[in-house]
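The values are calculated or read from the model by the stated rules, or taken from the named source; none is laboratory data. The model shown is predicted, which means the values in this text are computed figures rather than measured ones. Note that we place each Cβ from the backbone using ideal geometry, even for glycine, and neighbour counts take in every protein chain shown. To get the accessible areas, we keep the full protein, side chains included, count just its heavy atoms, and leave off ligands, DNA and RNA. Shrake-Rupley method; radii C 1.70, N 1.55, O 1.52, S 1.80 Å.
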Amino acid sequence: MHALVAAIDWHLIKVRIFSPDHPFAQALMRTILIAVLAQLFGVLLGLASALFQMSRLRVLRVISYFYVLVVRGTPLIVQIFFMYYGANLLLGFSLFPRAVNLGVVSIDGVVVAGTVALAINEGAYMRESIRAGIGAIDRGQMEAAKPRDMGYGPHMRDTDLPPAARGIVPPPPDRCTRACTPAPRPARTRRAAT
C-alpha cells in the first residue's frame, strides 16, 4: 500500500487540479456545460412526458409510454450514435451540421447531437421521478380546486406542481451525476467517424 502511495506523482495531481492546462480546462468546462444543458432540457422533457402519461388522452399516454420504453431500453452510447448518424440516414438530411455557429462561439455538431441525446435520455428517467412526485399529492387538492372553477392547467401549475416539486427535487442531483458521467461520450462519436 505504501509503495502505491509513493508511486503516485502528487505534484502532477496538484497541477492538474489547481492550475489545469488549456485542453484539460476546456474539456472540463465542456463536460459541465453538456451535463447542465442535458439536465435542464431533460427535466423539461421529463415534465412534458409525465404530464402526457397522466393525460386523459390515450394517444398522449401511448407516446409517453413508448418514449420511455425505447429510451430506457437502449444503451446511451447507441442513442448518441443514432442521434448523430442514424437520424441523418433515417431522415435523408443532416439533422446536426458539422458545426453550429452562434456568433460568439462555434459548437461542434457532435457536441450538439450528444447534448440532445443526453437530454432525451435524461427526460425518460426524469419522467418517472416527476410522475411519482405529482402522484404523491393528495387527491383532495383536485377536489379543492373544483369550487374555485380552475381548469386542469392552472390547477396543475398553481396547486399540484409546487408541493410535488419537494418530492421531485432529491433525484435531480443524482441524475446530474449520472448525466456528468457519460457527458464525454459525444467525443467518442467523432473518433469513431475517423
Amide H contacts of Asp108 (H built 1.01 Å from N, under 5 Å, at least 5 apart or other chain): Val100
Segment Glu143-Tyr85, length gained on full extension (0.36 nm per residue, minus Cα span): 16.0 nm
Accessible-area composition of the range 35-145, carbon plus sulfur, in percent [1.4 Å probe]: 70 percent
Cα-projected label distance for Ser94 with Val15, points at 7 Å along beta-carbon direction, nm: 3.9 nm
Gained length - Ala132 relative to Leu40, 0.36 nm times residue gap less alpha-carbon distance: 31.2 nm
Karplus 3J(HN,Hα) series, Hz, for the range 92-101 with 6.51 cos²θ - 1.76 cosθ + 1.60 (x for Gly, Pro): x, 9, 6, 6, 10, x, 4, 8, 10, 9
Electrostatic dipole magnitude of the range 1-140 [Cβ: Lys, Arg +1; Asp, Glu -1; Cα centre; debye, to 20]: 500 debye
Distance (nanometres) between label positions extended 7 Å along Cα→Cβ at Val62 and Ala25: 5.4 nm
